[in-house]
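Quick notes on the structure that follows.
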Amino acid sequence: MAEKSLRDRIIESSLRLFEEYGYHKVTVDQIVKASGTSKGGFYHNFKSKDELLYTVHDHFISYVLEKGQQAYQTFATPTEKLDAIIRSFVMMIDLYRSEVTVFYQESSYLAPEYFSLIEEKRDHYKGIMFKVIQDGIDCGEFRQELPVPIMAMAIFGMINWIYKWYQKTGRYSIEEIAVIYSDIILKSILTPETMNKPEYSRFFLTSSDINIAPV
């Protein structure tokens, strides 16, 4: 396995410190010590602690945006697109758990120039979700009585909260949770006619997908 770069070590160390103590209570000196480098090494990779916090945020928002764009471009129907977006969004919680935690705890501390960059990507991702839902309504796959913004924000809210309770050692894997969330959301938004399409049965939960034995 390749040795981690100094940049990666600094990011990982800062994530642990930001999670435990909060952004403002962590100093560059603490990050330098935890990552086993020098101040020169730190400032060679990041011009400031503000830029480091931005980098932490940018990692996961770039991932979900890329997956959202990929889903929209790859799949043919709104149902297929929404399923792919939901699953990739849930998987993000596992891949970027620390980044997501720091984002929700510390995003208000982003410098204005960095906040605007993150907000631009968030708005782009939100736009993809809005477009997929509107496409689904327009083609008759999604229920037309559901307001697009409320449905989109409900999906974001459900998935964003996973970081608060998900544990790798928990009863359900992140893959199983992704299947469950897709099932819950699609069954709430699809029209009865769409749910009854044989080709869409693969999107719905079966007993073989997860361990459904009683707790």
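The values are calculated or read from the model by the stated rules, or taken from the named source; none is laboratory data. The structure displayed is predicted, hence computed values, not measured ones. Cβ coordinates were reconstructed from backbone atoms using ideal geometry, including for glycine residues, and neighbour counts include every protein chain displayed. Surface accessibility is based on the protein's heavy atoms, side chains included, excluding ligands, DNA and RNA. Shrake-Rupley method; radii C 1.70, N 1.55, O 1.52, S 1.80 Å.
Candidates in region 40-68 are the residues that are within 15 Å of the chain's Cα centre (by Cα) and open to solvent by 60 Å² or more (accessible area, probe 1.4 Å); of these, the one that is farthest from I185 (Cα to Cα) is H59.
Let's see how each residue does on (1) hydroxyl-bearing (S, T, Y); (2) in contact with a helix residue (DSSP H, G or I) (Cβ under 8 Å, 6 or more places away or on another chain); (3) farther than 22 Å from Q105 by Cα; (4) at pLDDT below 95:
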site	(1), (2), (3), (4)
E3	no, no, yes, yes
L6	no, yes, yes, yes
S13	yes, yes, no, yes
L17	no, yes, no, yes
H24	no, yes, no, yes
G36	no, yes, yes, yes
G40	no, no, yes, yes
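Is it true that V179 is open to solvent by less than 80 Å² (accessible area, probe 1.4 Å) and at pLDDT below 95? Yes; evaluated as a whole, the condition is true for this residue. Q105: of a type outside the set (V, I, T), open to solvent by 50 Å² or more (accessible area, probe 1.4 Å) and touching a strand residue (DSSP E or B) at 6+ places or on another chain (Cβ under 9 Å), yes or no? No: the conditions fail for Q105. Could you say whether any residue in region 89-104 is touching a His at 6+ places or on another chain (Cβ under 6 Å) and in a helix (DSSP H, G or I)? Scanning region 89-104, I find at least one residue that is touching a His at 6+ places or on another chain (Cβ under 6 Å) and in a helix (DSSP H, G or I), so the answer is yes. When each of M91, M153 is tested for being at pLDDT 90 or above, closer than 30 Å to Y23 by Cα and open to solvent by 70 Å² or more (accessible area, probe 1.4 Å), the lone residue that passes is M153. Condition (residue is under 30 Å from Y200 (Cα atoms) and aromatic (F, W, Y)) applied to region 43-58: is it met by at least one residue? No: region 43-58 contains no residue that is under 30 Å from Y200 (Cα atoms) and aromatic (F, W, Y).
Of all residues in region 186-201, those that are without any contact (Cβ under 8 Å) to a residue 12 or more places away in the chain have Cβ atoms under 8 Å from Cβ atoms of residues that are open to solvent by 80 Å² or more (accessible area, probe 1.4 Å), 6 or more apart or on another chain, in M195/K187.
When restricted to residues that are without any contact (Cβ under 8 Å) to a residue 60 or more places away in the chain and assigned to a helix (DSSP H, G or I), region 120-155 contains 20.
Being open to solvent by less than 40 Å² (accessible area, probe 1.4 Å), touching a helix residue (DSSP H, G or I) at 6+ places or on another chain (Cβ under 7 Å) and touching a residue at least 12 places away in the same chain (Cβ under 8 Å): is that true of D83 here? Answer is yes for this residue. Contact annotation: residue pairs with Cβ atoms under 9 Å, 6 or more positions apart or on different chains, pairing a residue in region 1-27 that is over 19 Å from G41 (Cα atoms) and open to solvent by 90 Å² or more (accessible area, probe 1.4 Å) with a partner that is modelled with pLDDT of 90 or more and β-branched (V, I, T), are E20/V26.
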